[in-house]
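The values are calculated or read from the model by the stated rules, or taken from the named source; none is laboratory data. Quick caveat: nothing in here was measured; it's all calculated off a predicted structure. For neighbour counting, all protein chains shown are included, and Cβ atoms are generated from backbone atoms with ideal geometry for every residue, glycine included.
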Amino acid sequence: MWSLRFPARKGTGEPERTAGSPRIAAAWAGGVLLALLPFGGAAQNGAAERLQEFLAQTRSLQAEFRQEIHDASGHLIEESEGVVSLSRPGKFRWEYREPYQQQVIGDGTEVWVYDVDLDQATVGDMEAGLGATPALLLYSDRALEESFDVKSLGEEGPLHWAELLPRAEESTFTFIRIGLGPEGPRVMELGDAFDQHIRIAFERLELDVRFDEGHFRFVPPAGVDVFRR
């Protein structure tokens, strides 16, 4: 997977950010797994069965999200929020609005990462850039269980939980857990190779959204430095 690097903001003490970072990797995986979820699946089925059915009843969606990243010791190291949009097949827009603005946009061919306040954007081939992440499923007709060991974890409160364990050794994530409510995904949890834990909560989920033609297309604003990988 190619890496998109952005320098830290001067005087903030923030580390350099990359597209291989948990934030960007979660954007890719989150958008893709939302695409795979069978919204409206039979209520009597367990969470794993609902995932595996892949009914393809929903072609697009939009939701607000709140994301937390915890280190291996459980300490909160980053909070962010924004809006995610997805249109199958192969298009997604993960827009971070707080605490700083950043956009990850896949148009089906390329992935753009645009850091608004740094006036920098990086673009690369979508399939090559996603490497062994779950995003490759956007380009594959393989069944979900061919790339993941999928199992139901049971119910916790109003959510039915499923766990996906990547079969590929080089996967970006060690596990992916999804909490499903009646209307679709409510929570996604991911563990990465650095023992960091990412939790994404979704709210105000809208299905079958009609997006403007340019919603998943990025055109660099004037004055933005563009780097190609």
Would you check which residues across region 197-219 are part of a strand (DSSP E or B) and at pLDDT 90 or above and list them? His197, Ile198, Arg199, Ile200, Ala201, Phe202, Glu203, Arg204
Taking the stated definitions as given, is Ala222 among the aliphatic types (A, V, I, L, M), more than 17 Å from Glu95 (Cα to Cα), at pLDDT below 85 and outside any strand (DSSP E or B)? no
Return a yes/no flag: does region 135-154 have any residue that is modelled with pLDDT of 85 or more, of a type in the set (A, V, I, L, M) and under 30 Å from Pro182 (Cβ atoms). yes
Being aromatic (Phe, Trp, Tyr), assigned to a loop (DSSP other than H, G, I, E, B) and out of contact with any Ser or Thr (no Cβ under 7 Å at 6 or more places or on another chain) is the requirement here; does Phe194 meet it? yes
Candidate set from region 70-87 (those that are of a type in the set (Gly, Ala, Ser) and in a loop (DSSP other than H, G, I, E, B)); member that is nearest to Gly108 (Cα to Cα): Ala72
Filter region 150-162 down to residues that are of a type outside the set (Phe, Trp, Tyr) and touching an Asp or Glu at 6+ places or on another chain (Cβ under 8 Å), then give me how many there are. 4
